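Read-outs throughout are calculated quantities, based only on the coordinates presented, and are distinct from any laboratory measurement. Remember, it's a predicted structure, so these values are computed and weren't measured experimentally. As a convention, Cβ positions derive from the backbone with ideal geometry for all residues, glycine included, and neighbour counts pool all protein chains shown.
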Amino acid sequence: MRFIELSKAPCNETLEVKAIYSDIDWGKRLESMGIRKGRHMRKIANQPFGGPVVIEVDSMKISLSRNIAEKIEVEVLGDRLHKSF
């Protein structure tokens with residue numbers, strides 16, 4: 001399957017993080033929020049007009065700038081995973 005940017009992923013689908021392309025500081029910050037390679041998450045919303053992307057990881061809602069969301073590659077798992085985030 002092809003991977004897509006988090007900013008372009010569909011909402012309300014199960015996603016798996018495949019790669020994070022950021023500098024070390026942002027990589028550490030994302031990891032501290034639970035966003036790391038292999039992790040499952042759900043994209044809740046894409047705010048309009050270049051606004052943030054809202055995701056859910058470990059029952060936490062996290063808002064990421066669109067620039068950061070574009071540096072996270074995910075695979076859409078869809079309904080293959082029935083799990084609470």
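Computed values, structure above
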| read-out | value |
| --- | --- |
| Identity of the residue in the range 14-32, surrounded by 14 or more Cβ atoms within 10 Å (Cβ to Cβ) and under 12 Å from the mean Cα position of the chain (by Cα), that ends up farthest from Phe3 (Cα to Cα) | Leu30 |
| Test result for Gly38, surrounded by 12 or more Cβ atoms within 10 Å (Cβ to Cβ) and without any contact (Cβ under 8 Å) to a residue 24 or more places away in the chain | no |
